[in-house]
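The values are calculated or read from the model by the stated rules, or taken from the named source; none is laboratory data. Keep in mind it's a predicted model, so treat the numbers as computed, not measured. All Cβ positions, glycine included, derive from the backbone under ideal geometry; neighbour counts span all protein chains shown. Keep in mind that these areas ignore ligands, DNA and RNA; they rest on the heavy atoms of the full protein, side chains included. Shrake-Rupley method; radii C 1.70, N 1.55, O 1.52, S 1.80 Å.
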Amino acid sequence: MIPSIPQPRFVSLAYTGYVIAFFIFLALPLVVVAVFAFNDSQFPSLPWEGFTWNWFFGSERPMIGVFHERSILRAIGTSAFVAVLVSILSVAVGLSNAFLFNRYRFRGQGILYIFMLLPLVVPGIVLGISILVFSSRIANGLWDVAQWDLEALRPGLTLVVLGQFSFIATISTLVLGARLQKFDRSLEEAAMNLGANRLTAVRTITLPYLGPAMVGAFVVAFLMSFENFNTTLMLVGSDAPLTIAMFDRLKEGSTPLLNAVSLLLMIGSSCLALVMIAFQKRG
């Protein structure tokens, strides 16, 4: 553990081999998925039939590509729409929670903090089923009492957004709260001594300091929402996000089209991660 202490050559080689094997274990499935996205075959498996771009740009069946498959493009748009809404809500609520738990002390704060963390330990399927049962009972009760059919409480994008928001907001709170704890409040006091009110001091001093963390929380929330499956599966309606659309396709039989979609997701996730790292370094 301490680099300055000499170690036997066998131990050093074993440790190096372990690190290499660990990263191969992580990367090999991704490499296999990426490679078979270019296989000129109807099935994502050996033997290798040749290189092709058809699973990305093909316009004729059976080798229709991602960019010509309307159902996949529609699902990507749905996932992006949901992810943006969830990210905005999560960052906004996470920012409020960060100030609440870092700046104020009140009775029951510890219990409230535990309740905020609960969605992280509840399985996604259980969380989705609970939200679905709760909303359905409210919707059925409104129909029985007033003959009012509230579509927002039925399976659909509204419930998907609320279901994902219920646990992603907690992650945003932890990210922003960790950044806020490092903030020197004397900077706000100095701004108020110069004539600024508290709101102006927070807007001009604190929020710019939290900017990199807000970008990071937004990116994390976007990726978690875009790739969420368990909770979304329980709450989805007719407009299926990408993960549900891929799952439905997989039940019919896997094709390299799914590999192509997965490769695009890996590239997109990597680009967003680089954006987050750039903003963190800037901060």
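Quick notes on this structure:
- Test: Ser12 is assigned to a helix (DSSP H, G or I), surrounded by 12 or more Cβ atoms within 10 Å (Cβ to Cβ) and polar (S, T, N, Q): no
- Those residues of region 146-166 which are in a helix (DSSP H, G or I) and either open to solvent by 20 Å² or more (accessible area, probe 1.4 Å) or free of Cβ contacts under 8 Å to residues at least 24 places away in the same chain (or both), in sequence order: Ala146, Glu151, Ala152, Leu153, Leu157, Thr158, Leu162, Phe165, Ser166
- Those helices (runs of 4 or more DSSP H) lying entirely in region 186-283 with at least 2 residues farther than 28 Å from Thr52 by Cβ and among the charged types (D, E, K, R): 186-193, 256-282
- Filtered residue count, region 191-223, keeping only those that are open to solvent by less than 50 Å² (accessible area, probe 1.4 Å) and farther than 27 Å from Ser270 by Cβ: 6
- Matching residues, region 46-63, being open to solvent by less than 70 Å² (accessible area, probe 1.4 Å) and either in contact with a Leu (Cβ under 8 Å, 6 or more places away or on another chain) or closer than 16 Å to Val261 by Cα (or both): Thr52, Asn54, Trp55, Phe56, Gly58, Met63
- Just one of the listed residues (Leu89, Leu85, Leu73, Leu95) is free of Cβ contacts under 8 Å to residues at least 60 places away in the same chain and among the aliphatic types (A, V, I, L, M), and it is Leu73.
Residues are listed down the side, and each one gets a yes or a no for (1) under 30 Å from Ser135 (Cβ atoms); (2) modelled with pLDDT of 85 or more:
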{"site": "Lys182", "(1), (2)": "no, yes"}
{"site": "Glu189", "(1), (2)": "no, no"}
{"site": "Gly195", "(1), (2)": "no, no"}
{"site": "Arg203", "(1), (2)": "no, yes"}
{"site": "Leu207", "(1), (2)": "no, yes"}
{"site": "Ala217", "(1), (2)": "yes, yes"}
{"site": "Met224", "(1), (2)": "yes, yes"}
{"site": "Val236", "(1), (2)": "yes, yes"}
{"site": "Ser254", "(1), (2)": "no, no"}
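- Phe134 being of a type in the set (Phe, Trp, Tyr) and in contact with a Ser or Thr (Cβ under 8 Å, 6 or more places away or on another chain): no
- Among (1) buried (at least 19 other Cβ atoms within 10 Å of the Cβ); (2) among the hydroxyl-bearing types (Ser, Thr, Tyr); (3) free of Cβ contacts under 8 Å to residues at least 40 places away in the same chain, the one test that Ser172 misses: (3)
- Filter pass, Val126 being open to solvent by less than 60 Å² (accessible area, probe 1.4 Å), out of contact with any Leu (no Cβ under 9 Å at 6 or more places or on another chain) and part of a helix (DSSP H, G or I): no
- Per the listing Leu180, Leu187, the residue uniquely farther than 30 Å from Ala240 by Cβ, in contact with a helix residue (DSSP H, G or I) (Cβ under 6 Å, 6 or more places away or on another chain), touching a residue at least 60 places away in the same chain (Cβ under 8 Å) and not β-branched (Val, Ile, Thr) is Leu180.
- Within region 104-119, the set of residues being hydrophobic (A, V, I, L, M, F, W, C) and open to solvent by 80 Å² or more (accessible area, probe 1.4 Å) comprises Ile111, Ile114, Phe115.
- Residue within region 135-145 that is in a helix (DSSP H, G or I), open to solvent by less than 50 Å² (accessible area, probe 1.4 Å) and touching a helix residue (DSSP H, G or I) at 6+ places or on another chain (Cβ under 6 Å) present: yes
- Listed by first and then second residue, the pairs with beta-carbon distance under 6 Å, at least 6 apart or on different chains, first residue in region 128-141 and at pLDDT 85 or above, second of a type in the set (Val, Ile, Thr) and open to solvent by less than 30 Å² (accessible area, probe 1.4 Å), are Gly128/Thr231.
- Contacts under 8 angstrom Cβ, first residue in region 231-242 being open to solvent by less than 50 Å² (accessible area, probe 1.4 Å), partner basic (Lys, Arg), 6 or more apart: Gly237/Arg154
- Answer residue from region 29-52, given it is at pLDDT 85 or above and touching a Phe, Trp or Tyr at 6+ places or on another chain (Cβ under 7 Å) and is farthest from Phe226 (Cα to Cα) among those: Phe51
- Positions within region 248-263 being surrounded by fewer than 16 Cβ atoms within 10 Å (Cβ to Cβ) and among the hydrophobic types (A, V, I, L, M, F, W, C), in sequence order: Leu250
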